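Asks: What follows is a structure written as structure tokens; I'll ask about it next.
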Amino acid sequence: MNEFKDKVVVISGAGAGMAAEQAKHFLEEGAYVIGLDVNGAGLKEVREKNIQYSDHFLSYEVDISKKDQIETAITEATKNLKHIDVLVNTAGVFDKYTPMMDIDEKLWDLILNVNVKGMFMLSQAVLPYMLDQNKGVIINIASAAGVRGSGGGVAYTASKHGVLGLTKRMSFELGPKGIRVLAVGPGRISTQMNEGTANLIDERLPAQRNGKVSEIADVILFLASEKADYIHGGALMVDGGWTIL
């Protein structure tokens, strides 16, 4: 997909897991990647693993629940990279299946602020660049928990349902302006986030295995490409069939 050569891709949560793999894929395709993560050490590790593309990888330690940190990073990154073509909103936190009566306000706010509010604010920060060129792609990472009630605790489930609603509204507003917005809903993918349950496999699952971060990255690359130009507002579940159970 040479179409990504010299394109500018912003990826949140790029210091680990699915987002780190997304960064690797885009770098391999010749894109410039602006990686954001609260974990500075993780960003450094991603840079070292992709050292041959280091001149194409800009990393910023950012808490995406903080608007000022987002705006500072995007302003700094675009001093030399004057445009933004793709945003992948991957950053997210999990509530470890915390039940309704056990979750406290602090954890609730953390989950919603990162998983929904942060996604909204980062999208706001990059949109002027996309609107200026009448073109862009925003991919929001939702979850299979966004369409079912058993994929996480109450806060995580609510947040991922919120991501799908946000995606639909963004697509409705921005599609006519040349910006495609869509969502991807991973199932159980082997990452650090679900380390405690990574080896658990529902015997009813059609795929009979958990997913790989590379499989999510492959889907992201396709959806960001011109080949997916007619896909607007939808949510593609990449979950091994989990949502049909």
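The values are calculated or read from the model by the stated rules, or taken from the named source; none is laboratory data. Computed from a predicted structure; not experimentally measured. In this analysis, Cβ positions are derived from the backbone assuming ideal geometry, glycine residues included, and neighbour counts consider all displayed protein chains. Note: accessible area is taken over every heavy atom of the protein model, side chains too, but ligands, DNA and RNA are not part of it. Shrake-Rupley method; radii C 1.70, N 1.55, O 1.52, S 1.80 Å.
Asks: Indicate, rounded to the nearest 5 percent, the antiparallel portion of the DSSP beta bridges found entirely in the chain.
Replies: 0
Asks: Amide H of L87: which non-local residues (sequence gap of 5 or more, or other chain) have their own amide H closer than 5 Å, using H built in the peptide plane?
Replies: V10, V137, I138, I139
Asks: Give me, ordered by chain and number, the residues 5 or more places off G211 or on other chains with an amide H under 5 Å from its own placed amide H.
Replies: Under 5 Å from the amide H of G211 lie the amide H atoms of R188, I189, S190, each far enough along the sequence or on another chain.
Asks: Across segment 5-137, how many lysine pairs, 8 or more positions apart or on different chains, have C-alpha atoms separated by under 13 Å? Please give the number.
Replies: 5
Asks: Using a 7 Å offset from the Cα along the Cα-to-Cβ direction at both N39 and N2, what is the distance between the two label points in nm, to one decimal?
Replies: Output for this residue pair reads 3.6 nm.
Asks: Another question, then. Could you tell me the accessible area of T157 in Å² (1.4 Å probe, neighbours in place), rounded to the nearest ten?
Replies: 20
Asks: Let me ask you something else. Give me a comma-separated list of calculated 3J(HN,Hα) values for segment 201-209, in order, Karplus coefficients 6.51, -1.76, 1.60 applied at θ = phi - 60°, integers in Hz, x for any Gly or Pro.
Replies: 10, 5, 5, 7, 4, x, 6, 6, 6
Asks: Quick check for me: using +1 on Lys/Arg Cβ and -1 on Asp/Glu Cβ, what's the dipole size of the chain about its Cα centre, in debye to the nearest 20?
Replies: With Lys and Arg at +1 and Asp and Glu at -1, about 420 debye.
Asks: Continuing with this model, one more query. Sort 108-115, 179-186 by the packing proxy (mean of other Cβ within 10 Å over each peptide's residues), most packed first.
Replies: Top to bottom by mean Cβ count within 10 Å: 179-186, 108-115.
Asks: If you don't mind, there's one more thing I want to ask. Taking the Cα atoms only, what angle lies between the long axis of helix 154-174 and the longest principal axis of the chain, rounded to 10 degrees?
Replies: 40
Asks: From the P(r) of segment 5-134, could you give the percentage of C-alpha pairs in the tail past 19 Å?
Replies: Of the Cα pairs, 48 percent sit more than 19 Å apart.
Asks: Given a 1.4 Å probe and the protein chains all in place, what does the accessible area of D104 round to, in Å² to the nearest 10?
Replies: 90
Asks: Same structure again: Can you work out ³J(HN,Hα) from phi for every residue in segment 78-88, in order, using Karplus 6.51 cos²θ - 1.76 cosθ + 1.60 and θ = phi - 60°, giving whole Hz and x for Gly and Pro?
Replies: Coupling constants for segment 78-88: 8, 4, 9, 8, 7, 9, 9, 9, 9, 10, 10 Hz.
Asks: Among the trypsin sites (Lys or Arg not before Pro) in segment 32-83, which ones are in a DSSP loop with at most 16 other Cβ atoms within 10 Å of the Cβ? Mind listing them?
Replies: Within segment 32-83, the qualifying trypsin sites (Lys or Arg not before Pro) (loop, at most 16 other Cβ atoms within 10 Å) are K66, K79, K82.
Asks: Still on this structure, please answer the following. Using Cα pairs closer than 8 Å and at least 6 residues apart in sequence, work out the relative contact order for the chain, in percent.
Replies: So the answer I get is 19 percent.
Asks: Now for a different question. How large is the Kirkwood hydrodynamic radius of the chain, in angstrom, based on all distinct alpha carbon pairs?
Replies: Its Kirkwood hydrodynamic radius stands at 17.9 Å.
Asks: Starting from the Cα of K106, step 7 Å along the direction of its Cβ; do the same at F172; then give the gap between the two resulting points in nm.
Replies: Between K106 and F172, the simple spin-label model gives 3.7 nm.
Asks: If you don't mind, there's one more thing I want to ask. Quantify, in whole percent, the carbon and sulfur part of the accessible surface of the chain (1.4 Å probe; protein heavy atoms only).
Replies: 53
Asks: For a quick check: with amide H placed at 1.01 Å from N, whose amide H comes under 5 Å from L236's, ignoring anything fewer than 5 positions away on the same chain?
Replies: Amide H to amide H, under 5 Å and 5 or more residues apart or across chains, L236 pairs with A183, V184, G185.
Asks: Within segment 106-150, report the trypsin sites (Lys or Arg not before Pro) that DSSP leaves as loop and that have at most 14 other Cβ atoms within 10 Å.
Replies: Sites meeting the loop and neighbour criteria: K135.
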